[in-house]
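To start, the structure itself, in structure tokens.
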Amino acid sequence: MAEQWSQSDYHHPAAGWGAAKSVAKVMAKHGLVKDGTRALIKMNHVGDEKFDCPGCAWPDNPGKLAMDFCENGVKHLCQELDPGRATREFFAHHTVSSLESMTDLELENQGRLTEPMVYEASTDHYVPIRWQDAYAMIAEELQGLDSPNEAAFYTSGRLSNEASFLYQLFAREYGTNNLPDCSNMCHEGSGRALRAAIGTGKGTCDLEDWESADAIFVMGVNAAANAPRMLTALTDAHRGGAKIVHVNPLVEVAATRAIVPHEVLDMALNMSTPTSDLNLQVRPGGDMALLRGIAKCVFEAAEEDPSVIDSAFVEEFTDGYEAYKAVVDGTSWEEIVTQAGLTEAEIRAAGDIYLAADSAIIAWCLGVTQHEHGVDSIREIVNVLLLRGNIGRKGAGPSPVRGHSNVQGNRTCGIDHNPAESFYQTLEKMYGLTLSRQPGLDTVRTVKGMMDGSVKVFVGLGGNFVLAAPDTPYTMEGLRKCSLTVQVSTKLNRSHLVHGVKALILPCLGRTEKDRTGGITQGVTVEDAMSMVHISHGFMPPASPDLRSEVNIIARIAATTLPKSNTRWIWYAEDYDRIRDAMEQALPGFTDFNRRCREKHGFRIAQPAREREFITPTGKANFNTPPLPDVVPTGDTLILQTMRSHDQWNTTVYSDNDRYRGIKNLRTLVLMNAEDMADRGIIQGELVNLEATSRDGSTRNLNGYTALTYSTPRGSAAGYMPEMNVLLGHDDYSTQSDQPLMKQVRVTITAA
Ligand SMILES: Nc1nc2c(c(=O)[nH]1)N[C@H]1C(S)=C(S)[C@@H](COP(=O)(O)OP(=O)(O)OC[C@H]3O[C@@H](n4cnc5c(=O)[nH]c(N)nc54)[C@H](O)[C@@H]3O)O[C@H]1N2
Ligand SMILES: Nc1nc2c(c(=O)[nH]1)N[C@H]1C(S)=C(S)[C@@H](COP(=O)(O)OP(=O)(O)OC[C@H]3O[C@@H](n4cnc5c(=O)[nH]c(N)nc54)[C@H](O)[C@@H]3O)O[C@H]1N2
Ligand SMILES: [Mo]
């Protein structure tokens with residue numbers, strides 16, 4: 001019988017002994033005390049055997065490399081080092097239909113995939129296939145399509161820079177820009193907003209900026225779970241006198257106190273450091289109103305003391321200041337307060353902190369991006385920063401907190417369904433090609449294409465597309481309509497079971513494993529959330545002798561599919577230095593790539609906006625002036641956000657616990673405001689039904705979830721992804737970013 005669930009208040013600091021105990025438990029559970037410890041010592045370290053944590057994209061801290069890892073990075077690592085193996089015998093024992101009854105964790109816990117498998121419809125089993133036969137099957141299917149645009153090539157943000165470059169080159173040379181990626185669900189809005197505002201789609205800060213900022217605003221991030229190494233930056237900043245403001249409908253544990261693992265004395269004495277000066281429990285989607293309130297504080301203060309606005313900076317480097325001032329003046333406090341869901345006093349407190357800081361950073365993650373007006377909210381972040389010249393100088397700037405370890409690098413290296421014209425031209429020149437300019441499909445449109453029959457082949461380079469994408473049943477149906485689905489993966493997941501008429505599973509090396517492609521030791525590079533690039537070398541023996549590197553798999557699919565290609569695919573795969581040489585030519589900022597990626601801490605890709613060079617059509621940083629959107633739910637609708645627990649990695653759920661939120665043994669839950677529950681006659685722990693209404697008016701249901709009281713603003717509710725993706729409709733994506741509205745699901749909740 002399932003263990004009884006429980007909910008209690010969590011009173012401890014983030015990280016510290018709770019996390020240390022969890023690390024020890026995780027390694028022991030996986031039988032990985034020896035290998036895991038060895039791996040941890042090398043993780044995020046320097047030197048030849050350094051490898052990059054396959055977890056999140058938070059940068060390494062050069063001053064703290066001895067223990068620069070976190071509880072959740074360890075969990076991630078253990079999943080990859082898993083001693084279990086999903087062998088051909090395992091697949092022989094289970095039909096694919098019977099595997100469907102396993103939970104996602106059970107699938108994952110079968111261990112690492114060991115050899116290529118092909119789906120055999122007559123027996124409903126995956127059976128072994130030789131690598132070259134698998135490549136031939138893909139080539140035949142791709143060559144047989146009426147148009148290259150009938151294929152889509154998905155990426156999850158784990159892929160190395162080298163593999164990303166080859167993958168996009170292959171897709172484009174084959175003839176399509178259909179390169180959907182996890183970024184389409186994650187930080188697409190950040191890239192678009194920053195490109196429009198400051199000319200380049202990335203943040204401008206590095207860790208030293210975090211160390212020297214006077215104020216840090218953390219918006220829509222659950223740092224202790226999803227970027228735990230940020231806790232070090234927050235505690236250091238706080239000790240250094242910086243003010244920290246957390247903006248989040250929930251008070252996450254990183255917005256209280258933390259103990260940082262490398263601070264051995266703190267650990268020993270159980271001493272924690274505060275990590276917050278102000279917590280603002282904003283209404284979902286209310287961030288833009290709060291930011292506009294802060295801007296209003298700045299303009300008001302400027303009436304007394306004009307120097308609070310950095311007029312020299314505004315004059316020389318920005319465009320649209322007057323129009324922005326007019327829009328802010330024209331937005332009333334009443335509107336700001338209503339839309340932010342905060343009191344004027346709370347907003348003014350944030351304004352005071354911003355005004356008192358000589359330098360300020362604003363960081364954000366999915367709580368800001370996964371909304372209809374995510375792009376406008378991020379542009380409002382930039383508006384506020386521009387007013388006080390908080391960009392392109394020490395301790396200041398916009399700082400998106402990226403997700404997957406190399407999601408930023410994927411984009412830099414060409415995984416982009418709609419890249420700049422200059423990028424096409426460079427590739428055409430380098431490879432003697434004529435490339436299609438037809439914009440490719442993103443994640444949402446790829447699924448639509450599968451449904452209407454215009455996408456027939458799906459290749460997934462990592463990830464778990466079927467669970468990550470919105471509207472799960474719809475995405476499932478789409479994948480099942482494909483003539484071929486190919487998943488390049490390390491472990492078994494739901495996307496292998498929901499497959500096309502023909503289907504392949506191609507097992508690849510993980511980042512911890514020695515890559516001896518071409519008979520030499522190969523390393524790959526990644527780029528972290530702060531644009532630092534360095535080489536990473538695996539060192540563990542591969543989980544099976546039959547695994548191939550992602551680079552190798554892509555190169556061979558390409559060489560087999562495009563036999564007349566002049567691109568030297570196999571030659572590239574035999575020595576990744578050759579790919580890096582090509583990337584040096586193709587990508588801005590990659591000068592002397594092979595040497596610089598091997599420097600002790602790697603190198604930073606030039607970010608012009610960091611130097612106050614704004615590559616926008618105006619040549620300046622642009623203010624943006626939209627009205628505030630109305631984000632107040634009406635009637636009995638609640639805005640439901642779908643988020644991660646502390647014990648999961650995106651679609652991989654490690655357990656039903658969520659330690660920092662005090663929840664045990666329960667994922668089928670919905671966190672609600674006590675008064676919203678009372679209004680609906682729902683009591684603590686009662687089973688409820690959720691009904692979501694999509695933009696097109698269709699409804700989706702999730703029944704029998706447990707309602708729990710939680711401190712979240714009235715009108716809002718929260719639950720876990722990926723389960724709640726069944727509530728999102730396929731048309732529920734932002735018109736600004738095309739990102740699914742994963743933090744803005746309109747639901748009604750009633751007692752079951
Ligand atoms: N351990 C672990 N680490 C991870 C991941 C993982 O699954 N597990 N995933 C990785 C990936 S791909 C990504 S993209 C990141 C995701 O990192 P996060 O963005 O932290 O991910 P979520 O769990 O979705 O949490 C969103 C946060 O935003 C808040 N929020 C919701 N709506 C709003 C809003 O309207 N305004 C504001 N201000 N806040 C809001 C939520 O309460 C929550 O704290 O983490 C990365 N790191
Ligand atoms: N409702 C809701 N849905 C969401 C979100 C949300 O907040 N709410 N967040 C969205 C976000 S931000 C993201 S990034 C997506 C995540 O979407 P994805 O990136 O597609 O999903 P993951 O769960 O990270 O993928 C895990 C799988 O990757 C494979 N894998 C792991 N390591 C490797 C490797 O080294 N190589 C290869 N080839 N495969 C590997 C394993 O087979 C594993 O099962 O989900 C999105 N979906
Ligand atoms: Mo993400």
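Looking only at the stretch 368-381, decide whether some residue is more than 24 Å from the chain's Cα centre (by Cα) and either surrounded by fewer than 24 Cβ atoms within 10 Å (Cβ to Cβ) or in a strand (DSSP E or B) (or both). Quick ask: steps written out before the conclusion?
Kept after step one, since they are more than 24 Å from the chain's Cα centre (by Cα), are these residues of the stretch 368-381: none.
The answer is no, given that none of the residues of the stretch 368-381 is more than 24 Å from the chain's Cα centre (by Cα) and either surrounded by fewer than 24 Cβ atoms within 10 Å (Cβ to Cβ) or in a strand (DSSP E or B) (or both).
Are there any strands (runs of 3 or more DSSP E) wholly within the stretch 492-538 with 2 or more residues that are away from ligand 1 (no atom under 16 Å from the Cβ) and within 30 Å of D60 (Cβ to Cβ), and if so which? In the stretch 492-538, 524-527, 532-536 are the strands (runs of 3 or more DSSP E) which contain 2 or more residues that are away from ligand 1 (no atom under 16 Å from the Cβ) and within 30 Å of D60 (Cβ to Cβ).
Criterion first (within 16 Å of ligand 2 (Cβ to nearest atom) and either in the same structural domain as K564 (by TED's automatic domain parsing) or over 16 Å from G175 (Cα atoms) (or both)) does T443 satisfy it? Yes; evaluated as a whole, the condition is true for this residue.
Here P274 qualifies as surrounded by fewer than 18 Cβ atoms within 10 Å (Cβ to Cβ), modelled with pLDDT under 95 and out of contact with any Phe, Trp or Tyr (no Cβ under 9 Å at 6 or more places or on another chain). Does L687 satisfy the condition of being away from ligand 2 (no atom under 16 Å from the Cβ) and over 27 Å from S156 (Cβ atoms)? Yes: the conditions hold for L687.
Scanning the stretch 290-308 turns up no residue that is within 16 Å of ligand 2 (Cβ to nearest atom) and either within 29 Å of R604 (Cβ to Cβ) or assigned by TED's automatic domain parsing to the domain that holds N390 (or both). Taking (1) assigned to a helix (DSSP H, G or I); (2) in contact (Cβ under 8 Å) with a residue 40 or more places away in the chain in turn, P439 satisfies each apart from (1). Taking the stretch 620-660 as the range and being farther than 30 Å from C56 by Cα, of a type outside the set (V, I, T) and surrounded by fewer than 18 Cβ atoms within 10 Å (Cβ to Cβ) as the test, the residues that pass are P626, P627, P629, D630, G635, D636. Can you tell me which residue in the stretch 395-431 is surrounded by the most Cβ atoms within 10 Å (Cβ to Cβ), limited to those that are under 23 Å from V221 (Cα atoms) and basic (K, R)? The residue in question is R402. In this structure, R610 does not qualify as more than 24 Å from T114 (Cα to Cα) and free of Cβ contacts under 8 Å to residues at least 12 places away in the same chain. Looking at the stretch 673-752, the strands (runs of 3 or more DSSP E) lying wholly inside it that each contain 1 or more residues that are surrounded by fewer than 20 Cβ atoms within 10 Å (Cβ to Cβ) and within 29 Å of the chain's Cα centre (by Cα) sit at 687-693, 699-709, 745-751. Do you know which residues across the stretch 652-675 are out of contact with any Leu (no Cβ under 8 Å at 6 or more places or on another chain) and among the aromatic types (F, W, Y)? Correct list: Y660 only. Of the numbered criteria (1) open to solvent by less than 50 Å² (accessible area, probe 1.4 Å); (2) touching a Gly at 6+ places or on another chain (Cβ under 8 Å); (3) not in a helix (DSSP H, G or I), the one T567 fails is (2). If I go through the stretch 448-471 residue by residue, how many of them are open to solvent by less than 10 Å² (accessible area, probe 1.4 Å) and not in a strand (DSSP E or B)? Total meeting the criteria: 7. The single condition among (1) within 23 Å of V726 (Cα to Cα); (2) away from ligand 3 (no atom under 16 Å from the Cβ); (3) assigned to a loop (DSSP other than H, G, I, E, B) that V632 does not meet is (1).
When we screen A163, A152 for residues that are assigned to a strand (DSSP E or B) and among the small types (G, A, S), the only hit is A152. Considering the conditions (1) over 30 Å from P419 (Cα atoms); (2) surrounded by fewer than 24 Cβ atoms within 10 Å (Cβ to Cβ); (3) among the charged types (D, E, K, R); (4) modelled with pLDDT of 95 or more, R112 is excluded by exactly one of them, (2). Going through the stretch 361-406 one residue at a time, which ones are within 8 Å of ligand 1 (Cβ to nearest atom) and of a type in the set (A, V, I, L, M, F, W, C)? Matches in the stretch 361-406: W364, C365, L366, V368, V401.
I'd like to know if the stretch 540-554 contains one or more residues that are open to solvent by 30 Å² or more (accessible area, probe 1.4 Å), under 28 Å from the mean Cα position of the chain (by Cα) and closer than 20 Å to S405 by Cα.
yes
Taking the stretch 539-562 as the range and being outside any helix (DSSP H, G or I) and touching a residue at least 40 places away in the same chain (Cβ under 8 Å) as the test, the residues that pass are F539, M540, A543, S544, D546, L547, R548, S549, L562. Filtered by the rule that a residue be modelled with pLDDT under 95 and either assigned to a helix (DSSP H, G or I) or within 13 Å of ligand 3 (Cβ to nearest atom) (or both), the stretch 176-209 gives L207, E208.
The values are calculated or read from the model by the stated rules, or taken from the named source; none is laboratory data. Predicted model, so just to flag it, every value in this text is computed and none were measured. Backbone-built Cβ (ideal geometry, glycine too); neighbour counts: all protein chains shown. SASA here: full protein model, heavy atoms, side chains in, ligands and nucleic acids out. Shrake-Rupley method; radii C 1.70, N 1.55, O 1.52, S 1.80 Å.
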